[in-house]
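Asker: Sharing a structure here in structure tokens format.
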Amino acid sequence: MKAKEVTLLTGFLGAGKTTLLNAVIEHFKETRFAIIENEIGEESIDAGLIVKGEDDIMELNNGCLCCSLNDNLYDLLNSLWDRKDSWDHLIIEATGIADPANIAHPFLTMDQVKRGYDLKRVICIVDAELIEDQLKDHEEAIRQIAFSDVILLNKTGQVSDAYLNELQGILKTINPFAETLVAAGRDFQIRKMFARERYANFYSNPKPVWSPKGMLNLTGATLPAGKTLLAVSGQHNKHEHSDIETILVKYKESMDAEQLEHRMMVFLILQSANVYRIKGVIYSRDFQSRLILQTVGKSLSITLGDLWMPEEIKESKIVVIGKNLKIYGFDKLFRTCLHTGSENTAH
Ligand SMILES: Nc1nc2c(ncn2[C@@H]2O[C@H](COP(=O)(O)OP(=O)(O)OP(=O)(O)O)[C@@H](O)[C@H]2O)c(=O)[nH]1
């Protein structure tokens with residue numbers, strides 16, 4: 001049996017990985033994707049943001065794949081292998097602070113994994129507006145670029161052509177081997193991106209950090225056929241090579257969307273230096289759909305998500321990713337946006 005194609009999607013927090021993933025699913029309509037969605041924090045927001053088709057979406061929330069290094073990835077690969085006839089191509093979306101070399105390691109070095117999974121390319125999506133600062137502040141951003149086969153410069157609308165050229169020069173010095181593509185709006189140059197395959201033997205000694213268990217022994221848990229959302233639950237693990245941390249707040253009470261927008265805008269202008277990313281699913285009684293709250297740097301977006309189903313428990317859950325975060329302050333901020341006032345508490 002031919003090994004299955006694998007694409008690893010990396011890029012710093014908020015660069016546009018999930019947006020690109022959705023565009024890829026849309027672009028290759030005939031391809032049945034299996035998707036492993038790895039998020040920092042114990043609650044997944046991204047899995048809910050992926051356009052659902054016939055694809056299998058699996059979440060790994062109990063730690064960053066590149067450093068929590070648990071057996072869950074192997075369990076997932078085993079169970080995916082059990083139903084290998086139902087999908088064609090595996091995409092792994094890494095967390096925004098992952099070192100892709102660590103995730104790629106078993107795919108490149110372990111015969112059991114290589115037999116079933118062929119890592120074809122590592123794609124790094126880059127936020128053109130924020131990358132220079134990210135490179136200065138976060139070694140992870142450098143590692144992601146250094147390890148990739150294709151670099152996609154995204155969010156290019158607000159930067160000049162001259163700056164884009166300069167950026168491409170900077171990226172070339174970090175990784176002269178990668179092909180750099182420039183997105184124009186929602187045109188991500190997907191065909192070019194997927195035409196690219198990694199150079200054999202280019203990767204240099206990523207540190208071995210996983211201890212596999214029963215890899216591809218065909219005894220992994222079997223998942224139901226068809227559309228599947230498999231949540232691998234577990235304890236939240238702090239990222240081990242970064243001072244980046246996450247907090248999660250949840251509220252059962254309805255939120256006032258206008259108030260939320262206003263508070264978030266003020267917060268982003270005045271206080272957001274240590275906050276890299278906020279992602280949330282918001283319950284507001286004024287809407288039949290969930291609202292999706294996102295911030296990257298100082299940008300804010302609140303959009304409509306999927307409709308609430310009658311049997312669903314309506315609640316808001318918000319993940320904040322940054323440095324030196326004080327849960328009390330965020331709880332207070334979000335509580336002032338609840339319809340019922342300030343007596344509610346996060347849980
Ligand atoms: N202006 C602009 N915004 C974009 C573009 N692509 C994505 N975004 C927005 O940037 C935010 C982050 O996008 P995501 O696709 O969730 O980014 P991500 O890399 O998956 O984020 P993490 O998983 O948190 O690391 C969202 O609000 C997107 O709507 C783009 O090309 N231009």
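Asker: Where in segment 148-180 does the amide nitrogen come within less than 14 Å of the point 7 Å from the Cα of ASP187, taken along Cα to Cβ?
Answerer: Backbone N within reach: 156-157.
Asker: Sticking with this structure for a sec: Give me the number: length gained by fully extending GLN168 to ASN324, i.e. 0.36 nm times residue separation minus the C-alpha to C-alpha distance, one decimal in nm. Working shown, then result.
Answerer: Working: separation 156, 0.36 × 156 = 56.16 nm, distance 3.22 nm.
Length gained, GLN168 through ASN324: 52.9 nm.
Asker: Compute the Cα gyration tensor for segment 150-203, then decide on rounded, prolate or oblate, letting a ≥ b ≥ c be the square roots of its eigenvalues: rounded whenever a/c is under 1.5, prolate when a/b is larger than b/c in the other cases, and oblate in all that remain. Each step should come with its number before you reach the end.
Answerer: Values: a/c = 3.76, a/b = 1.37, b/c = 2.74.
The shape class here is oblate.
Asker: How long is the gain from SER299 to LYS250 if the chain were fully straight, where each residue apart is worth 0.36 nm and the alpha carbon distance is subtracted? Numbers along the way, then the final one.
Answerer: Values: separation 49, 0.36 × 49 = 17.64 nm, distance 2.23 nm.
Once the chain is fully extended between SER299 and LYS250, it gains 15.4 nm.
Asker: Give me a comma-separated list of calculated 3J(HN,Hα) values for segment 286-291, in order, Karplus coefficients 6.51, -1.76, 1.60 applied at θ = phi - 60°, integers in Hz, x for any Gly or Pro.
Answerer: 7, 10, 7, 9, 6, 9
Asker: Distance in nm between label sites at ALA273 and GLU315, each 7 Å beyond Cα in the beta-carbon direction?
Answerer: Using points 7 Å along Cα→Cβ, the separation is 3.4 nm.
Asker: Run the numbers for VAL159 and GLU197: contour at 0.36 nm per residue of separation, minus the present Cα-Cα distance, in nm.
Answerer: Residue separation times 0.36 nm, minus the Cα-Cα distance, leaves 10.8 nm.
Asker: Filter the cross-link list LYS29/LYS155; LYS252/LYS279; LYS250/LYS332 down to pairs whose alpha-carbon distance in this structure exceeds 19 Å.
Answerer: Exceeds cut-off: LYS29/LYS155.
Asker: I would also like to ask the following. Each residue of segment 30-39 in turn: what ³J(HN,Hα) in whole Hz from Karplus with 6.51, -1.76, 1.60 and θ = phi - 60°, glycine and Pro shown as x?
Answerer: In residue order, the calculated couplings are 7, 8, 8, 8, 9, 10, 9, 10, 9, 10 Hz.
Every number here is computed from the coordinates shown, using simple stated rules; none is lab data. Quantities reported herein were computed from a predicted structural model and do not represent experimental measurements. Quick reminder, even Gly has a Cβ in these numbers, built from the backbone with ideal geometry, and neighbours come from all protein chains shown.
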